[in-house]
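Here's the structure, in structure tokens; my notes come after.
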Amino acid sequence: MTKQHFTTTDIFYAIFNKLKEKDLLPSILDYSLGCNYPVRVDTDEWDCVFRVEFGSSEGIYLTVYLEGNISKDIEKAELGTFKTLYDSKEAYKAMSDLGVEFVFTLHEFVEENYDSFCWTGYTLRSDGDQDRLSMWCGTHQSAMNRIKRYLNIHPERTVSILKNETGDKKTYSYNDMARIETIIQTYEG
């Protein structure tokens with residue numbers, strides 16, 4: 001899949017469809033609805049949490065949220081809601097189980113679409129198969145320090161740094177160590 005900037009609503013329906021494909025949606029569901037106010041998801045630095053509760057007039061609701069560093073100044077965002085008109089203990093357990101399945105399916109989805117959750121900071125990747133570097137750094141300074149450490153251990157390799165917000169990419173080798181040191185020193189002094 002190519003890199004896509006997902007919203008909370010996009011994510012809800014993507015996971016809903018995966019649950020449906022896996023036949024993990026309980027037969028007692030009356031409806032599901034993605035959130036009405038979608039938020040763009042810029043990182044994967046959040047947890048998926050859910051809440052199961054009785055409705056004010058009838059049935060049981062399962063509401064799914066993201067909590068953490070979702071995007072600039074947003075630390076909690078709703079993904080969507082599932083509802084059943086049933087109100088038994090078994091129905092409550094079924095909605096709770098659906099919440100668990102949603103969390104784990106979302107975890108798999110993020111792993112399969114890692115690049116789609118990197119819109120801030122910097123992504124580092126090295127060439128080579130063994131001891132390969134693939135990581136996210138929040139600041140340019142931390143990225144350059146990681147590159148320096150990695151190239152000191154693996155001087156035969158190269159490391160690419162991608163600025164996730166713009167897509168700008170640079171590649172460094174051990175021969176660029178003087179330039180890397182200069183960049184790091186500008187942050188320190």
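When only Cα pairs under 8 Å and 6 or more residues apart are kept, what is the percent relative contact order across the chain? The partial results should precede the final answer.
On the way: 324 pairs, mean separation 33.9, N = 189.
In percent, rounded to a whole number, it is 18.
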>> Could you tell me the center-to-center distance, by alpha carbons, between the stretch 1-72 and the stretch 137-189 in angstrom?
In response: 37
> Could you give the nm distance between label points at Ser173 and Tyr114, where each point is 7 Å from its Cα heading toward the beta carbon?
Replying inline: 2.5
>> Taking θ = phi - 60°, what integer Hz values does the Karplus form 6.51 cos²θ - 1.76 cosθ + 1.60 yield along the stretch 88-98, in sequence order, with x for Gly and Pro?
In response: 7, 4, 5, 5, 4, 5, 4, 5, 5, 4, 4
>> Helix 8-21 against the longest principal axis of the chain: what's the angle in degrees, Cα atoms only, rounded to the nearest 10?
In response: 70
>> No solvent, one uniform scatterer per C-alpha: report log10 I(q)/I(0) for the chain via the Debye equation at q = 0.10, 0.18 1/Å, two decimals.
In response: -0.53, -1.10
>> Using 5 Å bins from zero, what percent of all Cα-Cα pairs in the stretch 122-188 falls into each bin?
In response: 4, 19, 32, 27, 15, 4, 0
> To the nearest 10 degrees, how steep is helix 177-188 against the longest Cα principal axis of the chain, on a 0 to 90 scale?
Replying inline: 60
> Relative to the longest principal Cα axis of the chain, at what angle does helix 140-153 sit, 0 to 90 degrees, rounded to 10?
Replying inline: 60
> Can you give the helix-only mean residue ellipticity at 222 nm for the chain, where every DSSP H stretch with n ≥ 4 adds -39500 (n - 2.57) and the sum goes over all residues, rounded to the nearest 500 deg cm²/dmol?
Replying inline: -11000 deg cm²/dmol
> With r defined as the distance between the Cβ atoms of Val100 and Lys3 and R0 fixed at 22 Å, what FRET efficiency is calculated, to the nearest 0.05?
Replying inline: 0.15
> Which of the peptides 63-70, 167-174 is most tightly packed, and how do the rest follow, judged by the mean count of other Cβ atoms within 10 Å per residue?
Replying inline: 63-70, 167-174
>> Principal axis extents for the stretch 78-120, Cα atoms only, whole Å, descending order, please.
In response: 43, 17, 11
> How big is the stretch 8-117 by the Kirkwood estimate over distinct Cα pairs, in Å?
Replying inline: 14.2
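Computed from the coordinates by the stated procedures, all read-outs in this text should not be read as laboratory data. No experiment lies behind these values; they were computed from the predicted model shown. Note: ideal-geometry Cβ built from the backbone for every residue, glycine included; neighbour counts use all protein chains shown.
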